[in-house]
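Before any comments, here is the structure.
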Amino acid sequence: MSTSFSDFGNDLYTGKRSIPVVAKRRSFYLGSLVLIVVAVLGLTVQGLNLGLEFRGGSEFRIATGSTPSDYEQTARQAVGAAEDASGVNVTLVGTNTVRVQTEKLTDTDSQQVRGELAQAFGVPEENVSATFIGPSWGASVSGQALRALLIFLVAVVIMLSIYFRNWKMAAASLVALVHDLVITVGIYSLSGFEISPATMIGFLTVLGYSLYDTVVVFDKVRENTNEAFANGRMTFAQAANLAVNQTMVRSINTTVIGLLPIAAVLAVGSVFLGPGVLVDLSLVLFVGILVGAYSSIFIATPVLVSLRRNEEKVVDLEKRALRHQTKKAKDAGEAVPTSGDAAAPAASVAAGQVDRVEGATLTGRTVHEYARSGPRNQPRRTPKSKR
Amino acid sequence: MASTAPRTAARRALIALTVLVVALGGVLTGSVVWGDGQTTPKLGLDLEGGTQIILEPRVTNGQAVSAESLAQARDIIVQRVDSNGVSGAEVTTQGESNIVVSIPEIPTQAVRNAISQSSQMQFRAVLAIGSGIPVPTGSPSAAPSASASGSASPSASPSAGSTASPAPSASSTQNSAVNEALTAASPSPSPSGSASASASPSASPSPSASGSGSAAPSGPTDLAWITPEVQQAYDALNCADPKALETVRDVAAEPLVTCSEDGSTKYILGPVAVSGDKITDATAGYQSNPQGAVTSTVEIALTFNSEGARQYADISRTMVGLPSPQNQLATVLDSRVIVAPQFNEAIPNGRASITGGFTLAGAKEIADQLKFGALPLSFEEQSSVDISPTLGGEQLRYGFVAGLIGLLLVVVYSLFQYRMLGFVTISSIVVAGLLTYLAITVLGWAQNFRLDMAGVTGLIVAIGFTADSFIVYFERVRDELREGRSLASAVETGWNRAKRTVLIADGVNFLAAIVLYLLASSSVRGFAFTLGLTTLIDLLVVFWFTHPLLTLLTRVPFFRDGHRFSGLDPRKLGAKKRSYAGRGRFTPVEPSAPATEGSRA
């Protein structure tokens, strides 16, 4: 596996194998568009499952050594002694913590309930935690988070525009970011995962990660396209696509390594602890990093290519590159790329990659034996742009 | 290529890193040995157990809260918490309006009350005044008999007798006559909420004089507010006891039994005559005489808004004619009397001046308190979280276990992907972990930084982010190897390219951390802080450890010759021989990319 994975990486780097991310961008746009529509629909129809922090209420958590099987009954009775049992929500969290959610209680009632619960479960009172949350708490946290987000976005656009000296790269990163945001929120709305302030923090981190990942890919895109602009051997789209392919191994490795610890936290947290900061955060990060990795590969770069497609400089480069490639192909006495070629990789897109026989490249001076002894070459055709 | 310059730089960087680690370790050891430091990071309340109360000012129609008044409110809450004997509590302001009180234990109801109690300023008429220490023989039975006699009760009470002058019937008549006018003029002093007050004084001191015919006290200065219950509470009050006022009932429409701030005097006060939110300004300074020359008397000058000015004019007009102590108007903050000056003249224009032997500093403080009390800053609990130490400890333990598992998975994966090079990743993560631990522990000691659950999650997430820097770097080195460079050269060139990517990527991360830290609420802060800290440490480790280490490793034959398991085997990486293209450029094998993009123009 390792060998084949590194071969895969090598082939992607040299361009022997190429995943036609840019060429097939319309399919990726369409796929994402469908996801976004589903997400927005889910959001409008189903809404979000807001946690206690947004609704307001009181919550008690009882850490018991061993949870009695009739914990729900016990908890209800204990709470009922101090408060009307309606609207009381008892759940078992993890293996040995009972969570009791009630409507908003006053301080005095809350202390009383805490005592009752401790007594009912036969644990010392310090094993019971009590939380009271006013309904404005979550709203104020989200309000602040939203403001932080907007300022962050403005700052990032400025920073990236300066770094890449190109506002379109910043714009494309933002498109990818909004894409991640909407899809992550959609997943939350459709799955009904509870949203807590910790989830909000996670959202913000996911956005940071999405940008981070996009920036790494774009750095390579810039390197390749600058080279292309200098030597005119590749069109802008080809250079960008090569960059995506060359950073593919990095993207996979980064995503796997980023997800491993988060997955561990998610697994340990949800098995032993139940809903809480740990699980809420790791869940949103897990979903967000996956979506973020997808978008930085399949959305950000294609969007960049789409954005810059009509730039004079880019159109000019395309002409130069095609001229160069045609010439090279002629020199090598080989097939000239035509628009018809695009159909061949399209067939193997389903497999996720396009296999090309070694030496069958336009540039390869060493031509694979198969190619040399193979059927006669296609008749030369002028490229479409020259026709 | 393999010049000595990179290796010298590498050694220097490693030495610098060692110095940094030793220095941090030294600071930590020093803080433990000579200071109050500890060897583990300080934990947040959600891990250690304790209570966090977030207070939100009750603001009317979206009015903004000034940073100054919030800081003052914070100071007052600190005083309140401290005076309740809670150790290690932290009171911080959060964002632009909230105050966060963190207490490392689960507080008693009294502490809670003290924290979230209103801190509005009030002006109340003094009804009776006495020494702060009760006379032990003061029997409660004296009070009912006194009120039954029809005369003002303080005069009959032995404890108040020394200072409170008896209220003659003449003044009582005058009193209620003025009160009637006052009641008509100002709608505010309504005795409606005081069921007990109106029911009990069947033998009201002024039944004959009051034209209303009702038994209820008719104005803020009416002595009828002194019911037997009030009298009893007053008699029992011992201002020398710091806990005496914990149970005080402070309701605006009812009389208040309380002490002066220094505990030397106790008072019975009427219901609120003017509430402090009508103060627009309070300044302290030297009084000037009518000629405009500055005198040596320190005064506190108050300015009221129009409604406050009218109420203040009414009450001053009423009180000027009353005998002492009923001509005193007490200024009450947090249920304690700050100052109770006498009226010498009616003040019609709402510009009050309080004098009374203040020092300038003392007057300034009171002026600040008055101004503060004047702002609409009464607080409401926005959220309150009691975390049991058991639960917090459990969260931390599982978080730790999860972190270790995550780390182990990362180790396995990097070894799988990068073979021996994986050990460079692992040792880098270990160094980063060490630095993070030292930094957090030292910050806990120096800056009282507390690691909370969100922070722990931030640290675990950071494992992934940190590892990514190495991946970017290694992939670049591999790219260079593929282009046929020697390892030493590949490491240098790869580094020069990866450096920029790592810098901009970490820059984005750091920007996110800063914005989150500055703008988001406190629960987000712990996370933002650890994210920012680990980003910086990541940069430090990549620049001062990983790259230098790799530079030095290029001399090791195992890596230099590209051993099969080194992770840097050029053959495995498909390096092309003889691909030197002149002018120092190595041509990569040109890709067959054209096929991937249609040649449409």
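Taken together, the residues in the stretch A:280-314 that are over 25 Å from residue B:405 (Cα atoms), in a helix (DSSP H, G or I) and not aliphatic (A, V, I, L, M) amount to 10. So, residue A:93, is that one buried (at least 16 other Cβ atoms within 10 Å of the Cβ) and either modelled with pLDDT under 75 or more than 43 Å from the chain's Cα centre (by Cα) (or both) or not? So residue A:93 passes the test.
Filter the stretch A:304-361 for residues that are of a type in the set (Gly, Ala, Ser), farther than 16 Å from residue A:16 by Cβ and within 26 Å of the chain's Cα centre (by Cα); which is modelled with the highest pLDDT? The selected residue is A:306. Quick check, is residue B:11 open to solvent by 50 Å² or more (accessible area, probe 1.4 Å), of a type in the set (D, E, K, R) and either within 14 Å of chain A (Cβ to nearest Cβ) or part of a helix (DSSP H, G or I) (or both)? When the stated conditions are applied, residue B:11 passes them. Restricting attention to the stretch B:284-308, the residues that are in contact with a helix residue (DSSP H, G or I) (Cβ under 8 Å, 6 or more places away or on another chain) and outside any strand (DSSP E or B) total 3. Please indicate, with yes or no, whether at least one residue in the stretch B:376-393 is at pLDDT 75 or above, open to solvent by 30 Å² or more (accessible area, probe 1.4 Å) and more than 7 Å from chain A (Cβ to nearest Cβ). No, every residue in the stretch B:376-393 fails to be at pLDDT 75 or above, open to solvent by 30 Å² or more (accessible area, probe 1.4 Å) and more than 7 Å from chain A (Cβ to nearest Cβ). Being more than 45 Å from the chain's Cα centre (by Cα), assigned to a helix (DSSP H, G or I) and of a type in the set (D, E, K, R): is that true of residue B:500 here? Taking the combined requirement at face value, the residue does not satisfy it.
Scanning the stretch B:315-328 for residues that are out of contact with any helix residue (DSSP H, G or I) (no Cβ under 6 Å at 6 or more places or on another chain) and surrounded by 19 or more Cβ atoms within 10 Å (Cβ to Cβ) returns B:315, B:316, B:319, B:322, B:325, B:326, B:328. Quick one: in the stretch A:26-77, of everything that is touching a strand residue (DSSP E or B) at 6+ places or on another chain (Cβ under 8 Å) and among the hydrophobic types (A, V, I, L, M, F, W, C), which residue is farthest from residue B:393 (Cα to Cα)? Going through the qualifying residues, I end up with A:48.
Being in contact (Cβ under 8 Å) with a residue 40 or more places away in the chain and of a type outside the set (A, V, I, L, M) is a property that residue B:484 has. Exactly one residue out of B:494, B:507 is closer than 24 Å to residue A:257 by Cα, within 14 Å of chain A (Cβ to nearest Cβ) and surrounded by fewer than 23 Cβ atoms within 10 Å (Cβ to Cβ): that is B:507.
Of all residues being surrounded by fewer than 16 Cβ atoms within 10 Å (Cβ to Cβ) and part of a helix (DSSP H, G or I) in the stretch B:405-449, which is nearest to the other protein chains (Cβ to nearest Cβ)? Just the residue, please. Across the stretch B:405-449, the extreme among qualifying residues is B:416.
Of all residues in the stretch B:103-128, those satisfying the criterion of being assigned to a loop (DSSP other than H, G, I, E, B) and either modelled with pLDDT of 75 or more or more than 21 Å from residue B:72 (Cβ to Cβ) (or both) are B:104, B:105, B:106, B:107, B:108.
For the stretch A:112-162, which residues satisfy the criterion of being within 7 Å of another protein chain (Cβ to nearest Cβ) and farther than 28 Å from residue A:97 by Cβ? Within the stretch A:112-162, A:144, A:147, A:148, A:151, A:152, A:155, A:156, A:159 qualify. The single residue among B:452, B:468 that is in contact with an Asp or Glu (Cβ under 8 Å, 6 or more places away or on another chain), buried (at least 21 other Cβ atoms within 10 Å of the Cβ) and at pLDDT below 85 turns out to be B:452. Residues of the stretch B:14-59 that are away from chain A (no Cβ under 14 Å), part of a helix (DSSP H, G or I) and touching a helix residue (DSSP H, G or I) at 6+ places or on another chain (Cβ under 9 Å): B:14, B:16, B:17, B:20, B:21, B:24, B:25, B:27, B:28, B:31, B:32. Of all residues in the stretch A:211-238, those that are closer than 18 Å to residue A:317 by Cβ and of a type in the set (Val, Ile, Thr) have Cβ atoms under 6 Å from Cβ atoms of residues that are in a helix (DSSP H, G or I) and open to solvent by 10 Å² or more (accessible area, probe 1.4 Å), 6 or more apart or on another chain, in A:235/A:318. When the residues of the stretch A:244-282 are filtered to those that are open to solvent by less than 10 Å² (accessible area, probe 1.4 Å), within 19 Å of the chain's Cα centre (by Cα) and of a type in the set (Gly, Ala, Ser), the one that is nearest to residue A:302 (Cα to Cα) is A:251.
Rundown of residues vs (1) at the interface with another protein chain (Cβ under 9 Å from one of its Cβ atoms); (2) modelled with pLDDT of 80 or more; (3) open to solvent by 30 Å² or more (accessible area, probe 1.4 Å), yes/no style:
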site	(1), (2), (3)
B:310	no, yes, yes
B:313	no, yes, no
B:400	no, yes, yes
B:403	yes, yes, no
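The values are calculated or read from the model by the stated rules, or taken from the named source; none is laboratory data. None of the values given here were measured: they were computed from a predicted structure. Glycine also receives a Cβ, built like all others from the backbone with ideal geometry; neighbour counts cover every protein chain displayed. The protein model used for the area step is the full one, side chains on, heavy atoms only, and it has no ligands, DNA or RNA in it. Shrake-Rupley method; radii C 1.70, N 1.55, O 1.52, S 1.80 Å.
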